[in-house]
Amino acid sequence: MRGRLLYPIRFREVEPTRLLSFCSLPLSYHKPRSFSSASVSPLLPTMGSKRKKPDTPLMTPETSIEEHPISSRLSDAPRRSGRLLDRGGQALKPQSAEYLKIVMQAEPSQAREELGRLIGKDGAEVALSGLQEMEDRLRDEVKRQKLAIKESEVKSNGLEKEYAALIPRPIKSQPDILPAKNETAGTKKNGVRRKQDKQDTRHDDIEEGRQPLDGDDAGPAFDENETNIIKQEGARPPPVNSEYLPLPWKGRLGYACLNTYLRNGNPPVFSSRTCRISSIIEHRHPLQDPSQPEHPTKNRPDKEQPAEIERGQKYVEALGLANARDIVKMLRWNDKYGIKFMRLSSEMFPFASHEEYGYKLAPFASEVLADAGKVAGELGHRLTTHPGQFTQLGSPRTEVVRNAIRDLEYHNEMLSLLRLPEQQDKDAVMILHMGGVFGDKAATLDRFRANYGLLSDEIKARLVLENDDVSWTVHDLLPICEELNIPFVLDFHHHNIMFDKDMIREGTKDIMELYPRIKATWDRKGITQKMHYSEPCPEAVTPRQRRKHRPRVMMLPPCPDTMDLMIEAKDKEQAVFELMRTFRLPGWDTFNDVIPYERDDENRPPPKIPKKKQRKKKGKNDDEGEGIVDDPRPRPMVPEAELGMGGPDNRVYWPIGMEEWLRPQKREVKKKRKVDGEDGEE
């Protein structure tokens, strides 16, 4: 027995009359909750909880089973209760009303005994068999109803709101939808706005974990549509790529935000520690023991103590300072292995640009950032930032524009406090996407022009625009960059997904004709040009699938050999190492492969080696019978400056898919095999 049908046959929990009356219910009274017909709701019986007995019984004692109103709906077929047999094999006769009244008024234990005597063991088995048959018929009916709903596409407009959510419908998350041939990206068609036009979700939605809604595009998507998209995209013209390779390489290769080798070290080194707003509010209270450091369970903030805003502010500022201090280690690590270009994390100072919980970086972070900038200046390292996709100056919503300007001010302050040398300070740019289209590209560009004029001169000096893989092509953004004197960043990966098919072909060859115009946008401001490069995964076919970056790139783009090239790949610095090894770029011989699960640049305690005992052999001394393995000698201490730097052999490269080699190997506990005859099992 499955489902709810187990409920009424538990004799110890159901009243006798309720059991008998339930067996007499017609099939229409057992319709499942997943039915979408509007006629289901008035027929659904109201069943009480298992332990709560209603004051009014379903069948009064004065009414016999034959006279019950529900029984009048039954067909001429014999009732389930009429098929019960006594122990002698004779059919049970309906009991009188007086007898049922006595059973109902009796104590629960006596009622169970009377019911058991009335039905008997054989009768109970017959009742269960009847209920099983009823369940089988019900399941067949449910399948038939679902099939009818699917074929006729029954809609739930006539249902009440509480039942509308119960209708079964096919669901597919984030479908791939291709525009019609005569429809450009980002335009409206039949009143439906494309998903990429709704990227102006506020920061509050991200903090609360809400995903942007798709509006009218959130309807069901079927496999037929996906199959057509794969066929259509698979049949697109092959890309036309250039044969040029920028060799010998004289530029700088870089990666974004995170160093995988340092992040997996002990202690970990990274610059994106963050928290939740609830944590800031919680840390406004003092610790349970202020004399001891904070502990996740033993020493937490005491919410019974009075809260102070300054205390919570110091907590979030401490996270930002820890992030900024780790930049120095990352810069020195990069320089050791020939990397001179890195993007700083926008999450370095959590919630610094928030409307309510935001804060200025000066003066508390001025000294730490200046120290990092000094190291970057000495090593000739270029640093940039990339505000998030919700920083949109072309949005029609005032609050989104206000949040965007505040976010740009935060990034500008962070770069300014680095106190970099003049040219490196110019090269410390902020890359921005245009964002959504909002139904009209021309109107979006007009709003961008107006809001760009509201920015300070310091922000304008750092702001650059980049083409994306959703809405804005190179031909869309290059004219406005030339008009407003904004440098333009070419992203090869985005260009191969989103480009103007009437003016250019997919690939790297045709885009080279625009190189002079793109470079001119940088030269006018005296900023060193940069480009972005990444590759889609090999199995990707549709535009949505191709947006995902490959863990490591296999080729160099046909860019000038002096370019600052940002490699946007999942494996971060390892993707740069892969290019170095493939094309023998400067620095390719400075690193070696890691030893799986071992690192010589950390002060971890040596693993404990269990002692092994050997069996005694005849004719030998007792002392020779025990073989004890001595503890290994402690490793030499690694100086703090050498922690995480690769050790004496510079072992910092891990093969594709083997990031787990950077961490200690997990202990595998082997289960002991049970000996034959032990506890009766093998």
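The values are calculated or read from the model by the stated rules, or taken from the named source; none is laboratory data. This is a predicted model, so every value here is computed, not measured. Neighbour counts run over all protein chains shown; Cβ positions are idealised from the backbone, glycine included. Areas reflect the complete protein model, heavy atoms only, side chains present, ligands, DNA and RNA absent. Shrake-Rupley method; radii C 1.70, N 1.55, O 1.52, S 1.80 Å.
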For the stretch 473-482, enumerate the residues that are touching a residue at least 12 places away in the same chain (Cβ under 8 Å) and part of a helix (DSSP H, G or I). V474, H475, D476, L477, L478, I480, C481, E482
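Residue by residue through the stretch 521-546, note down the ones that are in a loop (DSSP other than H, G, I, E, B), farther than 26 Å from E573 by Cα and open to solvent by 20 Å² or more (accessible area, probe 1.4 Å). Break it down stepwise before answering.
Initial filter on the stretch 521-546 (in a loop (DSSP other than H, G, I, E, B)): 524-529, 534-535, 537-542.
With the extra rule that they be farther than 26 Å from E573 by Cα, the set shrinks to 524-526, 541-542.
R524, K525, G526, V541, listed by residue number.
Do we find that P487 is crowded, with 22+ Cβ neighbours inside 10 Å and either more than 23 Å from Q232 (Cα to Cα) or in contact (Cβ under 8 Å) with a residue 24 or more places away in the chain (or both) in this structure? Explain how you work it out, then say what you get.
Values: crowded, with 22+ Cβ neighbours inside 10 Å: yes; either more than 23 Å from Q232 (Cα to Cα) or in contact (Cβ under 8 Å) with a residue 24 or more places away in the chain (or both): yes.
It is true that P487 is crowded, with 22+ Cβ neighbours inside 10 Å and either more than 23 Å from Q232 (Cα to Cα) or in contact (Cβ under 8 Å) with a residue 24 or more places away in the chain (or both).
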Could you count how many residues in the stretch 331-354 are of a type in the set (D, E, K, R), touching a Gly at 6+ places or on another chain (Cβ under 8 Å) and under 18 Å from Q389 (Cβ atoms)? 1
In the stretch 559-575, how many are in a loop (DSSP other than H, G, I, E, B) and crowded, with 18+ Cβ neighbours inside 10 Å? 6
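Counting residues that are surrounded by 21 or more Cβ atoms within 10 Å (Cβ to Cβ) and in contact (Cβ under 8 Å) with a residue 40 or more places away in the chain, which helices (runs of 4 or more DSSP H) fully inside the stretch 390-472 reach at least 3? Spell out how you get there, then give the answer.
Working: elements: 398-416, 422-427, 441-452, 457-462.
Because the criterion is at least 3 residues that are surrounded by 21 or more Cβ atoms within 10 Å (Cβ to Cβ) and in contact (Cβ under 8 Å) with a residue 40 or more places away in the chain, the helices (runs of 4 or more DSSP H) in the stretch 390-472 that meet it are 398-416.
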Name the pairs whose Cβ atoms lie under 6 Å apart, with the first residue in the stretch 569-584 and within 20 Å of R547 (Cα to Cα), the second of a type in the set (D, E, K, R), and 6 or more positions between them or separate chains? A569/R552; D571/R552; A575/R552
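Quick one: how many residues across the stretch 353-371 are under 20 Å from D427 (Cβ atoms) and either of a type in the set (K, R) or open to solvent by 30 Å² or more (accessible area, probe 1.4 Å) (or both)?
If we filter the stretch 353-371 for residues that are under 20 Å from D427 (Cβ atoms), which is where we start, we get 369-371.
Adding the requirement that they be either of a type in the set (K, R) or open to solvent by 30 Å² or more (accessible area, probe 1.4 Å) (or both) leaves 370-371.
The total comes to 2.
Condition check ((1) over 19 Å from N266 (Cβ atoms); (2) in contact with a Pro (Cβ under 6 Å, 6 or more places away or on another chain); (3) part of a loop (DSSP other than H, G, I, E, B); (4) modelled with pLDDT of 80 or more) across all residues:
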position: E624; (1), (2), (3), (4): yes, no, no, no
position: I628; (1), (2), (3), (4): yes, no, yes, no
position: R635; (1), (2), (3), (4): no, no, yes, no
position: A641; (1), (2), (3), (4): no, no, no, yes
position: G647; (1), (2), (3), (4): no, no, yes, yes
position: G657; (1), (2), (3), (4): yes, no, yes, yes
position: W661; (1), (2), (3), (4): no, yes, no, yes
position: P664; (1), (2), (3), (4): no, no, yes, yes
Counting only residues that are more than 35 Å from the chain's Cα centre (by Cα), over 15 Å from R343 (Cα atoms) and outside any helix (DSSP H, G or I), the stretch 368-389 contains a total of 0
The residue from S345, S291 that alone is open to solvent by 20 Å² or more (accessible area, probe 1.4 Å) and polar (S, T, N, Q) is S291
The stretch 497-513, residues that are open to solvent by 20 Å² or more (accessible area, probe 1.4 Å), part of a helix (DSSP H, G or I) and touching a helix residue (DSSP H, G or I) at 6+ places or on another chain (Cβ under 8 Å): I497
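If you check R584, R599, R552, R517, which single one turns out to be open to solvent by 10 Å² or more (accessible area, probe 1.4 Å) and under 34 Å from the mean Cα position of the chain (by Cα)? Let's see the steps before the verdict.
Values: R584 fails: under 34 Å from the mean Cα position of the chain (by Cα); R552 fails: open to solvent by 10 Å² or more (accessible area, probe 1.4 Å); R517 fails: under 34 Å from the mean Cα position of the chain (by Cα).
The conditions single out R599.
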For K329: the one exception among (1) part of a helix (DSSP H, G or I); (2) of a type outside the set (F, W, Y); (3) open to solvent by less than 30 Å² (accessible area, probe 1.4 Å): (3)
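Please state which one of K314, K303, K374 is surrounded by fewer than 17 Cβ atoms within 10 Å (Cβ to Cβ), out of contact with any Ser or Thr (no Cβ under 8 Å at 6 or more places or on another chain) and at pLDDT below 95.
Values: K314 fails: at pLDDT below 95; K374 fails: at pLDDT below 95.
The match here is K303.
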Which of the residues belonging to the stretch 232-277 are under 22 Å from the mean Cα position of the chain (by Cα) and assigned to a helix (DSSP H, G or I)? T260, R263, I277
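Give the residue, chosen from D561, D571, that is over 34 Å from the mean Cα position of the chain (by Cα) and either over 24 Å from A235 (Cα atoms) or of a type outside the set (V, I, T) (or both).
Numbers: D571 fails: over 34 Å from the mean Cα position of the chain (by Cα).
Testing whether each residue is over 34 Å from the mean Cα position of the chain (by Cα) and either over 24 Å from A235 (Cα atoms) or of a type outside the set (V, I, T) (or both) leaves just D561.
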